[in-house]
């Protein structure tokens, strides 16, 4: 099925989908545009799938093909609390408003990352994952800030709780990654990515203690050195991020190189040189 709704959304469905659920999801997105303003380019491609093709988020956004595209996977939506679904889908609409153009997804390697590749011997694939994690974290932070300033708070709290709840997959991934300095670095970067959606909520006194507790719970399986690195980055994001997403990406990438990659890979580099 393909149909345009309210000039903003071009809907396509794939597989055997629940039409009532599709309508509820569509209503969330259309309401966002009516309240917050239109996406960068429209109509937005909204693709709703009966099933996902692997691991990942239940909803995601990109603009790699020049137009904002939102994908929602109903098998991943199933079983989630509705406020989490609302929060997550609303975030994708916000991404299309704030980050709905290709330059937010096709970011060149900055000089600092290229230097780190040479200094610590990690591959282009590792560097790409680090850059992706930093860019996504900065965009996720911006989306939460945008939504809570517009009054969408409760669903973003629900979404943050969901993202900060450690899963069996998280713990298993750490057990696999912790013995390899490159895999370990990527894991920590993706942890920053996952918790970035909660960081703007720390400034709301009603939720500060709860979000701090959830953040600590999310990283409690990590050794103290790695916990300290994550906490330092979280604190600096809250203090130093601005309205400029590209500046925030650069700042966060530098912090990741200094506080995570450098510390994790320097020992490996010295051992390799001996």
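When the range 175-205 is filtered for residues that are surrounded by fewer than 19 Cβ atoms within 10 Å (Cβ to Cβ) and over 29 Å from residue 94 (Cβ atoms), the ones remaining, listed by number, are 175, 176, 177, 178, 179, 180, 183.
Could you tell me whether residue 4 is in contact with a strand residue (DSSP E or B) (Cβ under 8 Å, 6 or more places away or on another chain), at pLDDT 95 or above, more than 22 Å from residue 200 (Cα to Cα) and not in a loop (DSSP other than H, G, I, E, B)? The answer is no for residue 4. The set of residues in the range 224-250 being surrounded by fewer than 12 Cβ atoms within 10 Å (Cβ to Cβ) and under 21 Å from residue 176 (Cα atoms) consists of 224, 225.
For the range 176-189, indicate whether the set of residues that are under 13 Å from the mean Cα position of the chain (by Cα) and part of a helix (DSSP H, G or I) is non-empty.
Filtering the range 176-189 for residues under 13 Å from the mean Cα position of the chain (by Cα) gives 189.
After this cut, where a residue has to be part of a helix (DSSP H, G or I) as well, the list is 189.
Yes, some residue in the range 176-189 is under 13 Å from the mean Cα position of the chain (by Cα) and part of a helix (DSSP H, G or I).
Looking at 115, 139, 106, just one residue is closer than 21 Å to residue 255 by Cα and modelled with pLDDT of 95 or more, and that residue is 139. Report whether or not residue 132 is in contact with a helix residue (DSSP H, G or I) (Cβ under 6 Å, 6 or more places away or on another chain), at pLDDT 95 or above and surrounded by 16 or more Cβ atoms within 10 Å (Cβ to Cβ). Considered against the rule, which asks whether it is in contact with a helix residue (DSSP H, G or I) (Cβ under 6 Å, 6 or more places away or on another chain), at pLDDT 95 or above and surrounded by 16 or more Cβ atoms within 10 Å (Cβ to Cβ), residue 132 comes out as no. Reported count of residues in the range 103-123, each being over 27 Å from residue 87 (Cβ atoms) and either surrounded by 16 or more Cβ atoms within 10 Å (Cβ to Cβ) or in contact with a helix residue (DSSP H, G or I) (Cβ under 7 Å, 6 or more places away or on another chain) (or both), is 9.
The values are calculated or read from the model by the stated rules, or taken from the named source; none is laboratory data. Remember, it's a predicted structure, so these values are computed and weren't measured experimentally. Cβ sites come from the backbone with ideal geometry, for glycine too, and all protein chains shown count toward neighbours.
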